[in-house]
Each structure stands twice: as C-alpha cells, then as structure tokens.
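Beneath this line is the structure, given in structure tokens, with notes to follow.
The values are calculated or read from the model by the stated rules, or taken from the named source; none is laboratory data. All values reported here derive from a predicted model rather than from experimental measurement. Glycine gets a Cβ as well: all are built from the backbone with ideal geometry, and neighbour counts include every protein chain shown. Each accessible area value is taken on the protein alone, full model and side chains, heavy atoms only, with ligands, DNA and RNA left out. Shrake-Rupley method; radii C 1.70, N 1.55, O 1.52, S 1.80 Å.
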Amino acid sequence: MQDVKTALAVRAYAVQDRLDALLPSLSAPEGEVIEAMRYSALGGGKRLRPFLVMETAALFEVAENNALEVAAALEMVHCYSLVHDDLPAMDDSDLRRGRLTVHKKWDDATAILAGDGLLTEAFAVLADSKAHPEADVRLKLISGLAAASGAAGMVGGQMIDLSPNRTNLDLDGITRLQALKTGALIRYACQAGAILGKAGSEEYQALSLYAEDIGLAFQIVDDLLDHEATPEETGKPTGVDSDAGKATFVGQLGLNTAREKAEELVQSAKSRLDIFAGKAQLLRDTATFVLERRS
Ligand code: GRG
C-alpha cells in the first residue's frame, strides 16, 4: 500500500507540473478564466485517473512523455466535471479538495467557462503530436475520451443523477448510473494506456474489465465515505447524497453488504490482470488502495 501511495505521489507531481505548463497564465482580459482553470486543475486531488493512464501505459513500455500528455488531458476533463458538478444548478457545493469551489471563489459564469475551457483544452492536448506521434493512435484516444465523457458516458450519468426519478432507482439502476457517471472516465484511463501501447484485444479487454470493477468499487467506497468519513478527511461536505434522499449503494445494501460488495469487486479486478503476471502488481495494489481510501 505504501508503494501505491508513493507511486501516486510521484505521478501526481509529474501531472501537476504538466498541467501547469499546459495552462499558462495570460495577462489579457480573458486571463481570468485561465486563472479559474488553473485553480481547478492545480488544486490537488488524488490524480487517480492520470495514475491509471500512466501505469497501464507502463505495462506496454509506452514513452512516459506521451502517457503524461494523455494523463493531463484526462485530468482536465475530470476537473471540468467537478467544477460543473459543484455549481448551484447541480450539487451546489462550497467546498472541493478542501478549498472553495470555483463558483464560490469567482462566480457561476466563470465556473461554467472554466469547465468549458478545461474540457476543450483536453481535446487539443490529445490532438497534439506530443500525445503520440501516430495520428491514428491520437484519433482513438480522442474518440475514446469523447465517448467516455459525453452523453454515452459521464454526461449521461450526471443527467440520470439529476433526474426526478433518481430517488427511486433500484440496484441495477444505481449501478448503471455510476458506471456512466464515474466509471466511464476510470475505464477510459485504463483503455488509454492500452491504446497508447497498441495492446492486443485480450489485453485491452482485461484492462477494461479491471477498470469496470475498480470504478464500481470506487463509487461504493464513495457512498461509504459519505456515511463514515469527515469533511476534513474528504475535503468536501459529507452526508450529502443520503440527506438528498438519493438512492445509493449503502442505502440499498446497508453498510456491511456494500463494503463486502466493494471487497468482492476489488478481488475480481485483481484477477482480471492475470495475463500481465508480475508486471501488474502496482495495479493490483491500486485496487486495494481504492477500497481503503479515506478521501
Ligand atoms: C458535470 C458532466 C458533469 C459530470 C459530473 C464526476 C462527476 C460527474 C461528479 C462528481 C460528483 C462526485 C462526488 C462523484 C463521486 C465520485 C467522484 C467522481 C469523486 C471525485 O473524484 P476523486 O475522488 O476526486 O477522484 P479527486 O479530488 O481526488 O480528483
């Protein structure tokens, strides 16, 4: 576990550096939106998705500078989703990663534009030859990210989350919602490593299934933390989903069964990596980290 935490910290440092370079400040009238983008993108977080890009890419010995571009692009999309999710029209949160949310520090309009700016810039990063020298690889990375983040993925999941029927969802409904809202980007993170590494279909499939398992476990743990953790630990308000009467894994299964389900998923995730043998040990440990995280 200590190895995962150290590896996450090392990758997070590199991603932070790259995001800083990809989003330079601008002293012009429009520079304020860049400051809001930088505030969101450089504001910490676990950097789990970039880590997964880099570690899955490492299985195929992909050049680190290529994987880092894709990792940074994906983190931009994740940060955009958090900025928009925190808006009054959505989750209406004042706190994110232990700091004021973007719309609280600036205003709603700036937060909307900062999210839009991050989303758009992510695709520019993937289109650049720094992401990969071959255009067909870049195209696969771009279309994969579009599918994962759009209406067939994260945006679709968010729409279900905000819909009036949200409170009545059964277990299958919650599982589908979370697979779209949170799972799609986590799955893309692992698929991106495989795309960069020109993986065969068996390896691509194994990484996709690993990601689906840890994505669902991640969300169940998020529900558990919503009940069990403090705002100081998570850096955001807790108890929000249950207070809003939203159907959650914990609400459907109870705390103990939800935790057991997350444990089963983590075991399953690890077994998906059998074809990579010893090379995938850090990814196996990452599955355990997802289960044991407190933020
Ligand atoms: C606005 C289109 C749109 C989508 C928003 C991701 C998302 C969809 C909303 C976030 C709401 C939320 C708290 C979901 C629970 C799981 C989750 C994605 C938590 C945040 O991700 P972490 O824990 O955050 O990886 P850090 O700060 O570590 O990057």
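Note on the range 1-100: percent of Cα-Cα distances in each 5 Å bin, starting at 0 and stopping at the bin with the largest distance, equals 2, 12, 21, 21, 18, 13, 7, 4, 1, 0. Put simply, when 84-95, 23-34, 171-182 are sorted by average Cβ atoms within 10 angstrom per residue, most first, you get 171-182, 84-95, 23-34. The distance from the alpha carbon centre of the range 152-167 to that of the range 178-197 is 19 Å, rounded to a whole number. The Cα-based radius of gyration and maximum Cα-Cα distance (Dmax) for the range 4-292 are 18.2, 54 Å.
Please give the net charge around Leu126, taking every other residue with its beta carbon less than 12 angstrom from that of Leu126, where Lys and Arg add +1 and Asp and Glu add -1. Charge balance near Leu126 sits at 0.
In the chain, the DSSP-assigned H stretches of four residues or longer account for a calculated mean residue ellipticity at 222 nm of -22000 deg cm²/dmol, using -39500 (n - 2.57) per stretch and the full residue count as denominator. A dipole drawn for the chain from +1 and -1 charges on Cβ atoms has a positive end, and of Ala269, Gly31, Asn65 the residue lying farthest that way is Asn65. Per residue, the accessible area of the range 4-292 comes to 43 Å², computed with a 1.4 Å probe over protein heavy atoms only.
Membrane-span-like helices in the chain, defined purely by DSSP H runs whose alpha carbon atoms cover 27 Å or more axially and whose average Kyte-Doolittle hydropathy reaches 1.0, are 108-127.
Dipole magnitude for the chain: about 400 debye, using +1 per Lys or Arg Cβ and -1 per Asp or Glu Cβ, origin at the Cα centre. Average the reciprocal distances over every distinct pair of alpha-carbons in the range 31-87, invert the result, and give the Kirkwood radius in Å. After inverting the mean inverse Cα-Cα distance, the result is 12.2 Å. Taking the protein heavy atoms of the chain in the context of the full set of protein chains, the accessible area attributed to carbon and sulfur is 53 percent at 1.4 Å.
Straight-line reach from Lys279: which lysines have Cα under 16 Å away, leaving out those fewer than 8 places along the same chain? In chain and number order, the partners are Lys270. For the peptides 63-75, 253-265, the ranking by packing is 63-75, 253-265, with the highest mean count of neighbouring Cβ atoms within 10 Å listed first.
Anyone know which of Leu119, Leu139, Leu185 comes out most mobile in the 10 Å Cα GNM of the chain? Evaluated over the chain, the most mobile residue of the options is Leu139. Taking a straight Cα-Cα cut-off under 18 Å and skipping sequence neighbours fewer than 8 places away in the same chain, the lysines within cross-link reach of Lys130 are Lys140, Lys198. Given an 8 Å cut-off on Cα distances and at least 6 residues of separation, report the relative contact order of the chain as a percent. Taking the mean separation of contacting Cα pairs over the length of the chain, I get 20 percent. Note on the range 142-280: Rg/Rh from C-alpha atoms, Kirkwood Rh, equals 1.00.
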